[in-house]
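Here's the structure, in structure tokens; my notes come after.
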Amino acid sequence: MAALSSPLRVCRGILKELRAIQGPSYNKSLAYNYVMDQFRKNEVTGERYCRAQQEALHASHTYLCLLASTRNHLALHNLYHGKGERAPEEVAGLVGLRLPTQPGGKGWEK
């Protein structure tokens, strides 16, 4: 299993994703209150190994991954989602190709 990030870094990452989703008033939301309560409840004060804390850290890291992946998916979906019929030049540009400039040409002449 890969090493997990520190709890503070994961907490900040989740709050960053909440801020991106909900805007500047994210700290008044129920999700913000729940995340902060869970992190406060699972913090360990002594130098001891706590299985419940490790499980909570793993769950929070997984939730952070879910939030970031969802945001990236929505950005890609908005970028590449079909907008009806596109011109052949635009479709070729999406995949990095050029259309020939003259009929029967090889495509690289000006």
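The values are calculated or read from the model by the stated rules, or taken from the named source; none is laboratory data. None of the values given here were measured: they were computed from a predicted structure. No Cβ is skipped: glycine too gets one built from the backbone with ideal geometry, and neighbour counts run over all protein chains shown. Calculation scope for accessible area: heavy atoms of the full protein, side chains included, ligands and nucleic acids excluded. Shrake-Rupley method; radii C 1.70, N 1.55, O 1.52, S 1.80 Å.
May I ask you to list pairs of residues, at least six apart or on different chains, whose Cβ atoms are under 7 Å apart, with the first in the stretch 58-81 being in contact (Cβ under 8 Å) with a residue 40 or more places away in the chain and the second being outside any helix (DSSP H, G or I)?
Close Cβ pairs satisfying both conditions: HIS58/LEU4; HIS61/LEU4; HIS61/SER5.
Which one is farthest from GLY23 (Cα to Cα) among residues in the stretch 80-93 that are part of a helix (DSSP H, G or I) and open to solvent by 100 Å² or more (accessible area, probe 1.4 Å)?
Top of the filtered list is GLU89.
Select from the stretch 1-24 the residues that are modelled with pLDDT under 90 and more than 19 Å from THR62 (Cβ to Cβ) and write down the one among them that is surrounded by the most Cβ atoms within 10 Å (Cβ to Cβ).
Filtering first and then ranking leaves GLN22.
Mind checking which residues of the stretch 60-77 are hydrophobic (A, V, I, L, M, F, W, C) and open to solvent by 60 Å² or more (accessible area, probe 1.4 Å)?
Hits for the stretch 60-77 are CYS65, LEU66, LEU74, ALA75, LEU76.
Take the residues of the stretch 31-59 that are exposed (fewer than 13 other Cβ atoms within 10 Å of the Cβ) and of a type in the set (Ser, Thr, Tyr): which is modelled with the highest pLDDT?
Among them, the one singled out is TYR34.
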